[in-house]
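Note sheet for the following structure.
The values are calculated or read from the model by the stated rules, or taken from the named source; none is laboratory data. Computed from a predicted model, the values in this text were never measured in an experiment. A quick note on method: Cβ atoms are made from the backbone with ideal geometry, for glycine too, and the neighbour counts reach across all protein chains shown. What goes into the accessible areas is simple: the full protein's heavy atoms, side chains included, and nothing from ligands, DNA or RNA. Shrake-Rupley method; radii C 1.70, N 1.55, O 1.52, S 1.80 Å.
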Amino acid sequence: MGIGLLLHEEVKYDMTTGRMLTNNTWKYHVPMNSDIPENFQVDLLRGHPNKAVHYGNKITAEPPFLLAESAVESISRCVYEFRRENGNTDVFIADAPFTVEKIHLACAVDAKKFIVQ
């Protein structure tokens, strides 16, 4: 849920008509099992029933969202280090969703460096 929101779910509109361009399943990229870390450990509180909520539920949406935010921060740190190693110390903004396209643009890659001679 959180990974999809922060890394995949970009809403795009046609600049001339205002029509939504990402309103179907072909444009929606669902997070896959490969998006989940291999080492994903969760600790549950035992012996702490919460009678005030439905079925003793402790929390629902916030933990996945906050975990997903850590992915955005990690990617941002990688982009920062890449930029720094290439002599670019300008500030960049990681707007959510931080899609592959936005990550590539944030890296400010010089296409001339990809020329094979």
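Between I93 and T22, the modelled labels are 1.7 nm apart [label points 7 Å from Cα along Cα→Cβ]. The largest accessible area among V109, V116 belongs to the first residue in V116, V109, and the rest follow in falling order (1.4 Å probe, all chains).
For K112, the aspartates and glutamates whose Cα comes closer than 17 Å to its Cα, not counting residues fewer than 8 places off in the same chain, are E85. Full extension of the segment from V109 to E85, taken as 0.36 nm per residue of separation minus the current Cα-Cα distance, would add 7.5 nm.
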